[in-house]
């Protein structure tokens, strides 16, 4: 492991995190609330540690694949622990375990909370809480990729470990420019949503809170009733549209901007992703219509918002879907597992992996009846290599294994199965709300510290897509493959 390069990367991460805390510092100062001192001291401490580390001289800057996975895992752990300090030091969340849980939930864009009265927290804390979604959505390490070349090394293996999806490629030859393009698109969409929410009647503060949470597909709100507080069709339509947009593969935006929109729309992943959402909205709307006196428009309103929210793993709620019929709740649970597109800010298994899985199964069945047939899995006219297919199958297998283990560990709490199982699904899928005791109007405060640690680990495993965390427990040998 390249220790000096790792320390340098961690230094950059701490510096970035300290800079992102400054808006919360300003808000807490202007409002004169009790969280100001913590937002003043903690960024200063992070810069005091981060700047010397980022200035460390690194002779051998190359990062191998395992180095990239290890750097990503350690960076996220440091990011979450440091990010939890304002909650804990200010006293907004007295328990350190709870503070870490809330912060991990923020950075992993899960949106699960232990808070029972969100509106009681100071504005600086609530702004930082949503800011963790925005940072975690694109990944602070994507931003760090812009400075990796400055240490004289390549960050492609860091990018592979950080970015979700079965494959990661540079949009342009320069890795630094790729990172800048991604953040430019990400920032532009966020600011556009802020503008739309302001026009719809939200205050500027609330608009930023919800736009940052939408961008990260996280779901934190500064209201106890989430988006349902506003009871506004316009606001729900805007947030629904942007949740859908942030759930798309960001490569599609790049293709649309640099080549042409028609080519971008040919994406198979985009078509399947959209089709799943539309079909789910139709089925759920029909199933819940009796709850709204047969009013199909009202049914479509709530079905659309919750379907897109769950599929993109945003976790916002406009109604208590915990009261919906079993079919609709089962549909939402399935969407929770599927998740959004690769290289988006959403979680879950990802649509592209399921496309590859089902195409592989179809070809396998064909080969049973026609052993000599030569067929390959292809996406958008490009053949998918066997290594990618193997990685997809491995990921799905590990995903299932983690779900089984985590379910067994949480079952020690002796809560009902739906609560436990939906908790695990929502944690590893980075969705937020679950069902029964962890529904959209509930929280996770009733779980023990042990369970909160397990859930925090599940959130990290889900956000980093298993391997970076797994690599931390694999002994490094001299003879290992780089």
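Within the bounds of region 177-199, is there any residue that is more than 18 Å from residue 131 (Cα to Cα), at pLDDT 90 or above and crowded, with 20+ Cβ neighbours inside 10 Å?
Within region 177-199, not a single residue is more than 18 Å from residue 131 (Cα to Cα), at pLDDT 90 or above and crowded, with 20+ Cβ neighbours inside 10 Å.
Give me the pairs, please: first residue somewhere in region 24-40 and closer than 22 Å to residue 135 by Cα, second residue anywhere and not in a helix (DSSP H, G or I), beta-carbon distance under 7 Å, and either six or more positions apart or on two chains.
Going by the 7 Å Cβ cut-off, the qualifying pairs are 28/35; 28/122; 35/92; 35/122.
Any chance you could count how many residues in region 96-112 are touching a residue at least 24 places away in the same chain (Cβ under 8 Å) and surrounded by fewer than 24 Cβ atoms within 10 Å (Cβ to Cβ)?
Of the residues in region 96-112, 3 are touching a residue at least 24 places away in the same chain (Cβ under 8 Å) and surrounded by fewer than 24 Cβ atoms within 10 Å (Cβ to Cβ).
Residues of region 76-86 being under 22 Å from residue 431 (Cα atoms), buried (at least 23 other Cβ atoms within 10 Å of the Cβ) and over 15 Å from the mean Cα position of the chain (by Cα), which ones?
Passing the criteria: 83, 84.
Quick grid of which residues meet (1) under 12 Å from the mean Cα position of the chain (by Cα); (2) free of Cβ contacts under 8 Å to residues at least 60 places away in the same chain; (3) crowded, with 24+ Cβ neighbours inside 10 Å; (4) on the phi > 0 side of the Ramachandran plot:
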position	(1), (2), (3), (4)
315	yes, no, yes, yes
321	no, no, yes, no
327	no, yes, no, no
334	no, yes, no, no
337	no, no, no, no
351	no, no, yes, no
368	no, yes, no, no
373	no, yes, no, no
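Exactly one of (1) at pLDDT below 95; (2) out of contact with any helix residue (DSSP H, G or I) (no Cβ under 8 Å at 6 or more places or on another chain) is unmet by residue 217. Its number?
The failed condition is (2).
All but one of (1) at pLDDT below 95; (2) surrounded by fewer than 23 Cβ atoms within 10 Å (Cβ to Cβ); (3) over 20 Å from residue 112 (Cβ atoms); (4) in contact with a helix residue (DSSP H, G or I) (Cβ under 8 Å, 6 or more places away or on another chain) hold for residue 293; which doesn't?
Against the list (1) at pLDDT below 95; (2) surrounded by fewer than 23 Cβ atoms within 10 Å (Cβ to Cβ); (3) over 20 Å from residue 112 (Cβ atoms); (4) in contact with a helix residue (DSSP H, G or I) (Cβ under 8 Å, 6 or more places away or on another chain), residue 293 comes up short only on (4).
Among the residues of region 128-136, is there at least one that is modelled with pLDDT of 95 or more, in a loop (DSSP other than H, G, I, E, B), out of contact with any strand residue (DSSP E or B) (no Cβ under 9 Å at 6 or more places or on another chain) and at negative phi?
Scanning region 128-136 turns up no residue that is modelled with pLDDT of 95 or more, in a loop (DSSP other than H, G, I, E, B), out of contact with any strand residue (DSSP E or B) (no Cβ under 9 Å at 6 or more places or on another chain) and at negative phi.
Pairs under 6 Å by beta carbon, first residue within 11 Å of residue 440 (Cα to Cα) in region 219-232, partner surrounded by fewer than 21 Cβ atoms within 10 Å (Cβ to Cβ), six or more apart or different chains?
What qualifies is 224/118; 224/119.
The values are calculated or read from the model by the stated rules, or taken from the named source; none is laboratory data. Computed from a predicted structure; not experimentally measured. Positions of Cβ are backbone-derived with ideal geometry, glycine not excepted, and every protein chain shown enters the neighbour counts.
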